[in-house]
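**Student:** Input: one structure, supplied below.
Just so it is clear, none of the values below were taken in a lab; they were calculated from the coordinates. Computed from a predicted structure; not experimentally measured. Here the Cβ positions follow ideal geometry from the backbone for every residue, glycine too, while neighbour counts run over all protein chains shown.
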Amino acid sequence: MVGESTVKWNPFAPDYFHDPYPIYAKSREHNPIQRDSYGNIIIFKYRDVAPLLESGDFEVSNLEAYFESKENYIFKNSPQCPFLAKTTSKWLMYLNGDIHRKLRIALGKVLFSYDFDRLIQEAVQDSIAHFQDYQELDLVDFSKYFIFHILKQFIGLKDFASFEKVVEFSNLAARSQDIFVSKQMYLKINDCFTWGKGLFAETGFKDRLVKELDGFEFEEEDYYSILAVTLMAFFETSKDNLSFSLHHILLKRSLIEYILEADAKQIKWITEELIRYNSPLQFTVRISKKEVEIDGHHFPTGTRFVLGIASANRDEEIFESPEEIIPNRQINPHLAFGSGPHTCLGALIARKEMEFGLKPMIQFLQKFSIMTEIPLVWGNQIFMRTLDKAMVNID
Ligand code: HEM
């Protein structure tokens, strides 16, 4: 029977954000299918998560409908105009069926019409030049700077869209998808979605999108929704992946040496391994379209499943020594980019960021050491794990 074990996933436990992996491991061992107090079913093992991502018996949850149903409560006694449902209405990861398929093809065509090899290599050089004379720096700032410089080249941001504004927009957009979000936080996200409309310049990105979406009868707000999700999906996960990676590498001399000496194939291996190990998107959600059975448990149509991607990526049934970064791990069927119809549309770009970035960045950053006296600061986000501060300096 689901929910009988005393081992329970609890994201409110002290130290959870600092390191959620011990409770994932315990859950896999003692209670791999759990029910939370809202009736969600949380699953932790690779053998349950992977097939569910691919199965046609499940669909993604509808974030727009969720916000619509909550807006009366969120905006009660508030003068603000609800903008949560509208802004999330065209977010690919919350669409099913035909509209998902068509929008995915269109956004994919637009994204891959850009020369990301060049944009990424230029951003690597820009970032290293920018931080060249620093004696002390935050790896999170370094990562944000790098990803921002790729993003602003292709998506088109207005001049006033300062670095800080984009960082805040992206983070709040990511928080809109988290679970256990407070009313105050939703109001803040709503504000951000309202002023975010001014972030995007009229640029080639939108023009290309309009052309690809010919015949869709989309309105201005639909295009804004697509721009918003592209910014968030691009910026948030990539900078988290890079900042975690740089931190892990600088902690271990053997990883620094591996990267400095690696050829292209070895860089690909460590890129995959770091993405597995980091799993910036720790969880995702699926809803059952019919009655389903998992490990002998039966669940009715409409059950909401929370899939532990990060836990699955450390499952000892699949990965040898899963808690270690093994730079030349060659069999690496991780789920950090998801799997099935909603597989990450930007996976190729995220991989290129690491493949072009890791070596020159480590060549530059190897003179810095982790400032152990300043603790790492982790964001209090459950679904998208975020590092807020990781200081390094030159001894
Ligand atoms: C290391 C970096 C990244 C990670 C770990 C990551 C992870 C993921 C995961 C796990 C999903 C699937 C979610 C689900 O099935 O519910 C996803 C979807 C998506 N990602 Fe990424 N992502 C990354 C970078 C990017 C980049 C650079 C872009 C570029 C715009 C991007 C755009 C998207 C989009 C549009 C979707 C929705 C796809 C769909 O629903 O069809 N991601 N990502």
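**Student:** Could we say that Phe44 is farther than 26 Å from Glu293 by Cβ and buried (at least 17 other Cβ atoms within 10 Å of the Cβ) here?
**Tutor:** Values: farther than 26 Å from Glu293 by Cβ: no; buried (at least 17 other Cβ atoms within 10 Å of the Cβ): yes.
So Phe44 fails the test.
**Student:** Would you confirm, using the coordinates I've provided, whether Thr386 is β-branched (Val, Ile, Thr) and either at positive phi or more than 9 Å from the ligand (Cβ to nearest atom) (or both)? Before the answer, list the steps.
**Tutor:** Numbers: β-branched (Val, Ile, Thr): yes; either at positive phi or more than 9 Å from the ligand (Cβ to nearest atom) (or both): yes.
Yes, satisfied.
**Student:** Within segment 353-367, can one find any residue that is more than 20 Å from Arg118 (Cβ to Cβ), part of a loop (DSSP other than H, G, I, E, B) and not polar (S, T, N, Q)?
**Tutor:** There is at least one residue in segment 353-367 that is more than 20 Å from Arg118 (Cβ to Cβ), part of a loop (DSSP other than H, G, I, E, B) and not polar (S, T, N, Q).
**Student:** Any idea which of Val110, Val124 is closer than 29 Å to Gln366 by Cα and within 22 Å of the chain's Cα centre (by Cα)? Even if it seems obvious, please write down each step before you answer.
**Tutor:** Details: Val110 fails: closer than 29 Å to Gln366 by Cα.
Every option except Val124 fails the conditions.
**Student:** Let me ask you something else. Restricting to segment 55-94, and then to whatever is touching a Leu at 6+ places or on another chain (Cβ under 9 Å) and charged (D, E, K, R), can you tell me which residue is nearest to the ligand (Cβ to nearest atom)?
**Tutor:** Looking at the filtered set, the residue picked out is Lys90.
**Student:** A further question follows. Which of the residues spanning segment 86-103 are in a helix (DSSP H, G or I) and surrounded by 17 or more Cβ atoms within 10 Å (Cβ to Cβ)? Don't jump to the end; show me each part of the working.
**Tutor:** Of segment 86-103, the ones in a helix (DSSP H, G or I) are 86-88, 92-94, 97-103.
Scanning segment 86-103 gives Lys86, Thr87, Thr88, Leu92, Met93, Tyr94, His100, Leu103.
**Student:** Here's a follow-up. Could you pull out the residue among Glu221, Glu323, Glu236 that is in contact (Cβ under 8 Å) with a residue 12 or more places away in the chain, more than 15 Å from the ligand (Cβ to nearest atom) and closer than 25 Å to Asn10 by Cα?
**Tutor:** On the way: Glu221 fails: closer than 25 Å to Asn10 by Cα; Glu236 fails: more than 15 Å from the ligand (Cβ to nearest atom).
The conditions single out Glu323.
**Student:** Restricting to segment 270-294, name every residue that is more than 9 Å from the ligand (Cβ to nearest atom) and among the β-branched types (Val, Ile, Thr).
**Tutor:** Within segment 270-294, Ile270, Thr271, Ile287, Val292, Ile294 meet the criteria.
**Student:** Whether any residue in segment 350-357 is away from the ligand (no atom under 16 Å from the Cβ), over 27 Å from Arg101 (Cβ atoms) and either among the charged types (D, E, K, R) or free of Cβ contacts under 8 Å to residues at least 24 places away in the same chain (or both) is what I want to check.
**Tutor:** So far as segment 350-357 goes, no, none of its residues is away from the ligand (no atom under 16 Å from the Cβ), over 27 Å from Arg101 (Cβ atoms) and either among the charged types (D, E, K, R) or free of Cβ contacts under 8 Å to residues at least 24 places away in the same chain (or both).
**Student:** Run down Lys211, Lys206, Lys197 and say which single residue is surrounded by 14 or more Cβ atoms within 10 Å (Cβ to Cβ), farther than 19 Å from Trp378 by Cα and free of Cβ contacts under 8 Å to residues at least 40 places away in the same chain. Working first, answer last.
**Tutor:** Details: Lys211 fails: surrounded by 14 or more Cβ atoms within 10 Å (Cβ to Cβ); Lys206 fails: free of Cβ contacts under 8 Å to residues at least 40 places away in the same chain.
Answer to the selection: Lys197.
**Student:** Can you tell me how many residues within segment 325-342 are under 20 Å from Leu231 (Cβ atoms) and among the hydroxyl-bearing types (Ser, Thr, Tyr)?
**Tutor:** Kept after step one, since they are under 20 Å from Leu231 (Cβ atoms), are these residues of segment 325-342: 337-338, 342.
Restricting the remaining residues to those that are among the hydroxyl-bearing types (Ser, Thr, Tyr) gives none.
The number of residues fulfilling the criteria is 0.
**Student:** Could you tell me whether Leu348 is aliphatic (A, V, I, L, M), part of a loop (DSSP other than H, G, I, E, B) and within 18 Å of Thr271 (Cβ to Cβ)?
**Tutor:** Working: aliphatic (A, V, I, L, M): yes; part of a loop (DSSP other than H, G, I, E, B): no; within 18 Å of Thr271 (Cβ to Cβ): yes.
No, not satisfied.
**Student:** I'd like to check something: does segment 245-260 contain any residue that is crowded, with 22+ Cβ neighbours inside 10 Å, within 16 Å of the ligand (Cβ to nearest atom), part of a helix (DSSP H, G or I) and among the polar types (S, T, N, Q)?
**Tutor:** Yes, because at least one residue in segment 245-260 is crowded, with 22+ Cβ neighbours inside 10 Å, within 16 Å of the ligand (Cβ to nearest atom), part of a helix (DSSP H, G or I) and among the polar types (S, T, N, Q).
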